[in-house]
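Structure first, then comments.
The values are calculated or read from the model by the stated rules, or taken from the named source; none is laboratory data. Fair warning: this is a prediction, and the values are worked out from it, not measured in the lab. Quick reminder, even Gly has a Cβ in these numbers, built from the backbone with ideal geometry, and neighbours come from all protein chains shown.
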Amino acid sequence: MKENARCGPNERFTYCGTACPTTCDDVRNPNYNKQCTMECVIGCQCEPGYVRNEQNNCVMKSHCPIIPGPTVEEILERLKLSAV
């Protein structure tokens, strides 16, 4: 298929992919409830078992870097406290 040639490693072309692809951030913060619209997106999506990293490449979930630091919830709580 011609469209596949435009996709990168570990990607596949789809006519109805997700608007919110899974990322390494999602892997690191599995309890974060990401809001996403229900719509079809035409283009390259990661193959099953792969997620987008910070460089927008599709990598295996196990290859997502573990970044020490606060969780998303902790950061949001700190922002609320500093705004008071």
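Of all residues in region 45-69, those that are under 15 Å from residue 13 (Cα atoms) and acidic (Asp, Glu) have Cβ atoms under 7 Å from Cβ atoms of residues that are surrounded by 12 or more Cβ atoms within 10 Å (Cβ to Cβ) and at pLDDT 90 or above, 6 or more apart or on another chain, in 47/10; 47/11; 47/12; 47/58.
Which ones in region 1-37 are without any contact (Cβ under 8 Å) to a residue 12 or more places away in the chain and farther than 27 Å from residue 75 by Cα? If the condition is that a residue be without any contact (Cβ under 8 Å) to a residue 12 or more places away in the chain and farther than 27 Å from residue 75 by Cα, then 2, 3, 4, 5 are the ones that fit. Screening residue 16 with (1) surrounded by 13 or more Cβ atoms within 10 Å (Cβ to Cβ); (2) of a type in the set (A, V, I, L, M, F, W, C); (3) out of contact with any Lys or Arg (no Cβ under 6 Å at 6 or more places or on another chain) gives one miss only, at (1).
For region 24-48, a residue qualifies if it is under 25 Å from residue 67 (Cα atoms) and modelled with pLDDT of 95 or more, and the qualifying residues are 45, 46, 47, 48.
In region 23-37, of all residues being closer than 19 Å to residue 55 by Cβ and among the hydrophobic types (A, V, I, L, M, F, W, C), the one that is surrounded by the fewest Cβ atoms within 10 Å (Cβ to Cβ) corresponds to 27. Residues satisfying the criterion are absent from region 24-31 (criterion: in a strand (DSSP E or B) and within 25 Å of residue 6 (Cβ to Cβ)).
Of the residues making up region 33-50, those that are farther than 15 Å from residue 61 by Cβ and assigned to a loop (DSSP other than H, G, I, E, B) number 8.
What are the residues in region 38-47 that are over 27 Å from residue 73 (Cβ atoms) and touching a Lys or Arg at 6+ places or on another chain (Cβ under 9 Å), if any? 43, 44, 45, 47 - these are the residues of region 38-47 that are over 27 Å from residue 73 (Cβ atoms) and touching a Lys or Arg at 6+ places or on another chain (Cβ under 9 Å).
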